[in-house]
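Following: one structure in structure tokens, then a few remarks.
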Amino acid sequence: MITYVSYASEVVTYASYVNAAETILTTGNETKPKPRTERIAETRAALIAAARRAFGEKGYAEASMDDFTAEAGLTRGALYHHFGDKKGLLMAVILQIDSEMAARLNAISAHAPDLWTGFVAENVGYIEMALEPEIQRIVLRDGPAVLGDPSQWPNNDGCIAAIKASVERLMAEGVIRDVDAEAAARLICGASTYAAQWIANAEDPSATAARAIPAFQALMEGLLRDARTAPGANRQVLSDTG
């Protein structure tokens, strides 16, 4: 059990280390230590990497703070100093994974033959990522269980903004019917998020994905002005999440 005294002691110890390191010069060439901002970034990166492995392999509940702070060569005081607590570290891990997911999805849409095909493929690609063990466990199962509704996470606004921008472009090009762009963005985001969570928590994720994805695509096609003539309407969705 962590007492307030032990917690405070570790924080003070870590803070003292940070402050002392700023003033100490190494012998020999009298090289100055790394800048404080660089050391902070390295400490955060080490803790996130160790926690990501632990959360992915054991799950949030079974992952021990002592295990991943020891792996990173740091103390609990460093964790508390940078992330507040274990939940804060989980959020940092999720934001890192989310950033990587976004880069992969942007690549999918960038290689599509037209805006509509890329838009659908990007959203379907997100749902398909629910089949990947790390994303499945950390982002889609433990994340909501520990941190609550994903719509309230700090990365959600960026997701909504990106989808809204795509909806506005598609309306401007006459591909989809006129709708409230923000409302459509929130509904698309909500549908894809729920589909991914459904898959991640299913007894048979692959079978569930095979049901969820065609249904999601059908919902998306409801936005089209004319499903017969819209760009990419008769093409298979291009999705490559690997």
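Read-outs throughout are calculated quantities, based only on the coordinates presented, and are distinct from any laboratory measurement. Just so it is clear, the model here is predicted, and its values are computed rather than measured.
Applying the Karplus relation 6.51 cos²θ - 1.76 cosθ + 1.60 with θ = phi - 60° to the stretch 74-87 yields 3J(HN,Hα) values of 10, 10, 4, x, 5, 4, 4, 5, 8, 10, x, 6, 5, 5 Hz, where x marks Gly and Pro.
Residue separation times 0.36 nm, minus the C-alpha to C-alpha distance between Glu42 and Lys58: what's the value?
On the way: separation 16, 0.36 × 16 = 5.76 nm, distance 2.40 nm.
Stretched fully, the Glu42-Lys58 segment lengthens by 3.4 nm.
One Cα centroid belongs to the stretch 35-96, the other to the stretch 110-151; the line between them spans 23 Å.
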